[in-house]
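A.B. asks: Below: one structure in structure tokens.
The values are calculated or read from the model by the stated rules, or taken from the named source; none is laboratory data. Please read all numbers here as calculations on a predicted model, not as lab measurements. Quick reminder, even Gly has a Cβ in these numbers, built from the backbone with ideal geometry, and neighbours come from all protein chains shown. The protein model used for the area step is the full one, side chains on, heavy atoms only, and it has no ligands, DNA or RNA in it. Shrake-Rupley method; radii C 1.70, N 1.55, O 1.52, S 1.80 Å.
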Amino acid sequence: MDGGPSLARTEETEARLAAEEAYHAEVEQNLRRNYAANLAHGLLGQTGFRLVTAPTFVPAYIYLLSGSEFAVGLALASQWLGNALSSTLGATLVEHRKRVLSMGLLVGWGMRGGVLGLALSGYFLPDHWALIFACIFLCLFGLFNGVQSVIFQLLMAKVIPLRLRGRLTGFRNFAAGLTAAGVAYVGGKYFVEAHALGNGYATTFLAAFALTSIGLTMLMLVREPDSPEVRPRTSFLLRLREIPDILREDRELSRFVIASGLAALGTLAVPFYVLYAGKAIGLSGTTLGALSTAFLLSQTGANLIWGSLADRIGNRVVFLASVGIWAVSTVVLMGMHSLWPLVAVFAGLGAGQAGFQNSTQNMILEFGAREDLAMRIAILNTATSSMMAVGPLLGGLIADSSSFVAVFSISTLMLSAAFVLVLFAVGEPRKRGLFH
């Protein structure tokens, strides 16, 4: 009887260690299959979604429908508002589940429904109704994306070991960027300029829906292990109240979230890059295709570098380098007035934004224990998506009342603040010795 509680604790510890060992053994056993499935899903999914999220087709389409910079900002804001509203919900939906893939597939189809709606509204509705429904479907896209991003980041963290995540993300984005660049060129030259199927923009979005749908199907090949430890099921409101405690317990995590939010606010200029180029040199379908191709190809090459650098040195270095390149490219953009210099600047913008996305998605996985991983992802996504919702709306107001130069200057200031905060107040989290 004397050793009862102590013996029980020992047995519980041994059981937990055995479960952890079995979990890691299953991860290693299915690593090749899961790596290939994640790569195929990312290749096709990212290829399609980049046609929607690249700072070219959607802003140009909204401007064509409305003729207003503010409307462009409003449409992009609706997308990121949906994302911000749903990220924490995504965490509460899955953090108590031993497996999350089935929920991810369900949410993934909802996200693709927003892209399909964007395409169909362009085909069948007059301009003023197409504009309204574009905002609605972009918001729907964002709502499902907020949930999906939490689920799929959690899934990747489960099935891909830390030592390979950077290279997987980098190579996946490299392959997707290469394909997306080709599709973007086709979209600009042969869809938009040729008014394919009566509406070149809608045809581009329909192609995005088809590619992302095939990509989601590839994810069904993943063999997901049961998580050895999960949080007890908790109400959504209770988890919301616990967020301040999570941030207070880890000051570096808090500062990283703030820095990511500042950089995300820098995206207030993103919808207006292509509109600035249009005012500088005119915006034909060929020009739109060239700028989109430059942006996506630079993401392609840069992601290989960012992924390798993240695995070798850490994601903090990637964050600093990419945000710096993004800020410098934004400054240079303000002096460009011909096609090929603008193509070079769009390449810099693509490389910088690719590294920012790559580093934040992977760095957040390294800050703490697995049980709180879904909520950490949700906190970061909510912070960045909120700023990406406010940013385009603010950018549209400034562009309407002042100038594109004012928009780009504020963006550069936000990016510089994020750079300084991470440089002086956030260390490399993988050096803290936490278990992943």
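A.B. asks: Excluding ligands, DNA and RNA, what is the solvent-accessible area per residue of the chain at a probe of 1.4 Å, expressed in Å²?
C.D. replies: Accessible area per residue, the chain: 40 Å².
A.B. asks: Here is a follow-up. Multiplying the sequence separation of A406 and K98 by 0.36 nm and subtracting their Cα-Cα distance, what value in nm do you get?
C.D. replies: 106.0 nm
A.B. asks: Next question, about the same structure. How would F174, F152, F57 rank on accessible area, largest to smallest, probe 1.4 Å?
C.D. replies: Result of the area sort, largest leading: F174, F152, F57.
A.B. asks: Okay, next question. Could you sort L253, L39 by accessible area so the largest value comes first, with the probe set to 1.4 Å?
C.D. replies: L39, L253
A.B. asks: Grab the DSSP H runs of the chain that are 4 residues or longer, score each as -39,500 (n - 2.57), total them, divide by all residues and round the 222 nm result to the nearest 500 deg cm²/dmol.
C.D. replies: So the calculated ellipticity at 222 nm is -28000 deg cm²/dmol.
A.B. asks: Which of (1) 21.8, 85; (2) 21.2, 65; (3) 23.5, 71 is the computed Rg and Dmax of the Cα atoms in Å for the structure on display?
C.D. replies: Answer by label: (1).
A.B. asks: Now, a different point. Taking a 1.4 Å probe, which of D127, D245, D250 shows the most accessible area, and what order do the others take after it?
C.D. replies: D127, D245, D250
A.B. asks: A further question follows. How much solvent-accessible surface does L339 expose, in Å² to the nearest 10, with a 1.4 Å probe and all protein chains in place?
C.D. replies: Rounded to the nearest 10, the figure is 50 Å².
A.B. asks: Another question about this same structure. Mind running the shape call on the stretch 174-215? Use the C-alpha gyration tensor, a ≥ b ≥ c as the square roots of the eigenvalues: rounded below 1.5 for a/c, prolate if a/b tops b/c, oblate otherwise.
C.D. replies: oblate
A.B. asks: Between K431 and S235, what is the FRET efficiency for a Förster distance of 60 Å, r being their Cβ-Cβ separation, to the nearest 0.05?
C.D. replies: Between K431 and S235 the formula returns 0.95.
A.B. asks: For E193 and D127 in one chain, what is 0.36 nm times their gap in residues minus the Cα-Cα distance, to one decimal in nm?
C.D. replies: Extending this stretch completely gives an extra 22.0 nm.
A.B. asks: Can you return the lysines within cross-link range of K279? Criterion is Cα-Cα under 30 Å, with same-chain partners fewer than 8 residues away left out.
C.D. replies: Partners found: K189.
A.B. asks: Please give every one of the aspartates and glutamates within straight-line cross-link reach of K431, meaning a C-alpha to C-alpha distance under 13 Å, and leave out same-chain neighbours fewer than 8 residues apart.
C.D. replies: The reachable aspartates and glutamates, counting only those whose Cα sits under 13 Å from K431, are E252, D311, E366.
A.B. asks: From the C-alpha gyration tensor of the stretch 117-173, pull out the three semi-axes of the equivalent ellipsoid (sqrt of 5λ each), sorted largest to smallest, in whole Å.
C.D. replies: 36, 12, 7
A.B. asks: Ignoring any ligand, DNA or RNA, what whole percent of the accessible area of the stretch 186-297 comes from carbon and sulfur when the probe is 1.4 angstrom?
C.D. replies: 63
A.B. asks: With every protein chain left in place, what is the accessible area of S329 in Å² (1.4 Å probe, nearest 10)?
C.D. replies: Surface accessible to solvent at S329 totals approximately 10 Å².
A.B. asks: Let me know the shape class of the stretch 35-85, please: from the alpha-carbon gyration tensor, a ≥ b ≥ c as square roots of the eigenvalues, rounded when a/c is under 1.5, otherwise prolate if a/b is greater than b/c, or oblate.
C.D. replies: The shape class here is oblate.
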